[in-house]
Amino acid sequence: MKNFAEELAYWYLRFNGFFPLPNFVLHQRDLQSHQSADADLLGIRQKYVLEEVGGTHQDSCLFKHFGNELYHIGVICEVKSAGMVRTRDILMAREDRLRYALKRIGFFSESKVEEHLNVLRTEKVTFGRFHAVGKVLFTARPFQLEDWICITLKQAEDFIVNRIRQFPVEKGGAKHFFDSELLQYLIWKNTR
């Protein structure tokens, strides 16, 4: 991961049962651009996730946008640690990048990608029969957009810390097995 904000977002998704993929490369040939880019995070969560240590607890900041149905969930995430965010700075809002991410997540057939892309132009989440994909924006300060699920880095940090505090023995005893100095520090700080 490139920075602490992307790492917080990564662990927020991971502690919510996602398999996150950081810094997913979007190759130039598939973009309407003269250069390649990346998606800060893509994530997939299967609908029957069960993990003995906190895997069933979900953060309502995220999951309320996916309704009460059980869906396989995909997320396309942009992470901004700067104090002020402008909508033109949200790079994953571009259609070519969203299309690329939708294809990579792989929930919808090639013939259905454009249909779901059309929904994501104006909505936070697109729903299929068994799958849903949402656009998530992590920001330093509260920021609201009608067509993005917005979560602050503080909300992400609070969720992670609360999960650590719910399972202090399990998390504390395993802190060095997490491949993240930031997470190791948060576990150390909140389990002693």
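So here's what we get for this one:
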item	result
Partner aspartates and glutamates for Lys112 [C-alpha distance under 16 Å; skip if fewer than 8 residues away on the same chain]	Glu95, Asp96
Full-stretch length increase - Lys112, Gln144 - with 0.36 nm per residue and alpha-carbon distance subtracted	8.7 nm
Asp38/Thr191 FRET efficiency (R0 30 Å; Cβ-Cβ; nearest 0.05)	0.35
Entries in Lys80/Lys135; Lys103/Lys154; Lys80/Lys154; Lys154/Lys189 that, when Cα-Cα distance is taken, lie over 21 Å	Lys103/Lys154
Charge tally in the Cβ shell below 12 Å around Ile90, where Lys, Arg are +1 and Asp, Glu are -1, Ile90 excluded	+2
Counted charge near Tyr10, where neighbours are those whose Cβ lies closer than 11 Å (Asp, Glu -1; Lys, Arg +1)	-2
Per-residue [θ]222 nm for the chain (sum of -39500 (n - 2.57) over DSSP H runs n ≥ 4, rounded to 500)	-10500 deg cm²/dmol
Local net charge near Leu42, Cβ-Cβ under 14 Å (Lys/Arg +1, Asp/Glu -1)	+3
Percentage of interatomic Cα-Cα distances in the chain larger than 27 Å	27
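Read-outs: derived from the displayed coordinates by stated rules, not from any lab. Note that this is a predicted model, so its numbers are computed, not measured. Every residue, glycine as well, gets a Cβ built from its backbone with ideal geometry; the counts of neighbours run over all protein chains shown.
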